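Structure first, then comments.
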Amino acid sequence: MTAPTDPPVLPTASYAVTAATGHLGRLAVDALLRRGVPARNVFALVRQPDKAGDLADLGVGVREADYDRPDTLDPALEGIERLLLVSSPTVGNRLEQHTNVLRAADAADVGFVVYTSVLHADETELALAPEHAATEDVLQGSGMPFAVARNGWYVENYTGRLDEYLARGEIVGAAGDGRVSAATRADYAEAAVSLLTGDIADQQGYWELGGPAFSMTELAAAITEVTGMEVTYRDLSAEEYTDVLRSAGMDEDTAAFVTGLELSTARGELETDSPALENLLGRAPTSLRDAIRAARL
Ligand SMILES: NC(=O)c1ccc[n+]([C@@H]2O[C@H](COP(=O)([O-])OP(=O)(O)OC[C@H]3O[C@@H](n4cnc5c(N)ncnc54)[C@H](OP(=O)(O)O)[C@@H]3O)[C@@H](O)[C@H]2O)c1
């Protein structure tokens, strides 16, 4: 495998990143530039170009690309050689949206596609997985060379709730002792760019990506250690947890969905022992404690 610290194999290729106004897409654009790809070879594909002024200021090309509007996708992908397709946040519509992008990529003769999927997409009961697995099938069926970055949970799913955990003094869930191999968005973005810029023959295939695993009890302990404020984990039954969500104002369907994610965690569906993330980064992923520290700054 190409060492992750190698310079891009095709420094003059044209790279595109979708959803580049989002957290992950933006971090991927930054990672491409940090790897030495000239800004003129980097294209930020965005739904709302007026939100991308800071990207244009970096010298990258900004192109309109709305997953729901195929008319924007053909021109957006013209001349692109390598594409990072960041999965859509619109659960329920994603297969159609991703298929629109992949059809346009195929028509534009894109030579390599990296798609951000989810851990164990083809063999998990995680409610979010079927759309990812179906997208992976479309990608495989397209005949385009591809790599699938099957990302685990973002650490930010937890550190983004730090204030709430600290205010309550507890994390409430139904994840039992289930462990989560979470990593920071920045690490996933860097790994995706490592795939995107590497030797295609080495990078093709499915990559299960995640950081060091922790349970919710271990998360609470790490928060306590880093902040000096005691936080504990309170584990509830699925029914109790759904009630807590509903009484906090969540609608029935969303509460059932969120509870389902907790049960997936309890079953270990968000855990991986794959070293792929570390290998792609060429270093250890950001630790949970460092991520908590960074979120406190
Ligand atoms: N692994 C995890 O824990 C985890 C957690 C949450 C999400 N995800 C997945 O990872 C993806 C990236 O995460 P993130 O944190 O970067 O999400 P994010 O910050 O919410 O960004 C989502 C991006 O999707 C764009 N978008 C929405 N609808 C679109 C459309 N129709 N056409 C084109 N772009 C569209 C948004 O554009 P605008 O800026 O115009 O709104 C935004 O740039 C998410 O979309 C989701 O699929 C993973």
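The values are calculated or read from the model by the stated rules, or taken from the named source; none is laboratory data. As the structure is a prediction and not an experimental result, all values here were calculated from the model. Cβ placement follows ideal geometry from the backbone for every residue including glycine, while neighbour counts extend to all protein chains displayed. These area figures cover heavy atoms from the full protein model, side chains too; ligands, DNA and RNA do not enter into them. Shrake-Rupley method; radii C 1.70, N 1.55, O 1.52, S 1.80 Å.
Among the residues of the range 114-129, is there at least one that is surrounded by 21 or more Cβ atoms within 10 Å (Cβ to Cβ), more than 17 Å from the chain's Cα centre (by Cα), away from the ligand (no atom under 13 Å from the Cβ) and modelled with pLDDT of 95 or more? Within the range 114-129 (the criterion being surrounded by 21 or more Cβ atoms within 10 Å (Cβ to Cβ), more than 17 Å from the chain's Cα centre (by Cα), away from the ligand (no atom under 13 Å from the Cβ) and modelled with pLDDT of 95 or more), the answer is no, since none of the residues qualifies. Of all residue pairs spaced 6 or more apart or on separate chains, those with beta-carbon atoms under 8 Å, a first member in the range 74-95 that is closer than 24 Å to Gly198 by Cβ and of a type in the set (Gly, Ala, Ser) and a second member that is open to solvent by less than 70 Å² (accessible area, probe 1.4 Å) and in a helix (DSSP H, G or I) are Ala76/Ala104; Ser87/Arg94; Ser87/His98; Ser87/His132; Ser87/Thr135.
Residue check: Lys51 meets all listed conditions (1) near the ligand (Cβ under 10 Å from one of its atoms); (2) crowded, with 18+ Cβ neighbours inside 10 Å; (3) touching a residue at least 24 places away in the same chain (Cβ under 8 Å) but one, namely (2). Quick check on my filter: what residues within the range 274-297 are at pLDDT 95 or above and not in a helix (DSSP H, G or I)? Of everything in the range 274-297, those that are at pLDDT 95 or above and not in a helix (DSSP H, G or I) turn out to be Ser274, Pro275, Gly282, Arg283, Ala284, Pro285, Thr286, Ser287. Screening Gly268 with (1) open to solvent by 30 Å² or more (accessible area, probe 1.4 Å); (2) farther than 30 Å from Arg35 by Cβ; (3) under 25 Å from the mean Cα position of the chain (by Cα) gives one miss only, at (1). For the range 190-239, taking the residues that are part of a helix (DSSP H, G or I) and within 16 Å of the ligand (Cβ to nearest atom), the one that is nearest to Asp163 (Cα to Cα) is identified as Leu219. Within the range 62-104, the residues that satisfy the criterion of being more than 18 Å from Ala147 (Cβ to Cβ) and more than 13 Å from the ligand (Cβ to nearest atom) are Asp74, Pro75, Glu78, Gly79, Arg103. For the range 157-176, taking the residues that are touching a residue at least 40 places away in the same chain (Cβ under 8 Å) and closer than 30 Å to Glu96 by Cα, the one that is least open to solvent (accessible area, probe 1.4 Å) is identified as Tyr158. With respect to the stated conditions, Ala238 fails to be aliphatic (A, V, I, L, M) and under 26 Å from Ser117 (Cα atoms). Inside the range 177-189, residues that are in a helix (DSSP H, G or I), in contact with a strand residue (DSSP E or B) (Cβ under 6 Å, 6 or more places away or on another chain) and either more than 11 Å from the ligand (Cβ to nearest atom) or open to solvent by less than 10 Å² (accessible area, probe 1.4 Å) (or both) make up a count of 1. For the range 212-261, a residue qualifies if it is buried (at least 16 other Cβ atoms within 10 Å of the Cβ), free of Cβ contacts under 8 Å to residues at least 12 places away in the same chain and more than 16 Å from Arg168 (Cα to Cα), and exactly one does: Met250. Only one entry of Ala134, Ala107 meets the criterion of being open to solvent by 70 Å² or more (accessible area, probe 1.4 Å) and away from the ligand (no atom under 13 Å from the Cβ), and that entry is Ala107.
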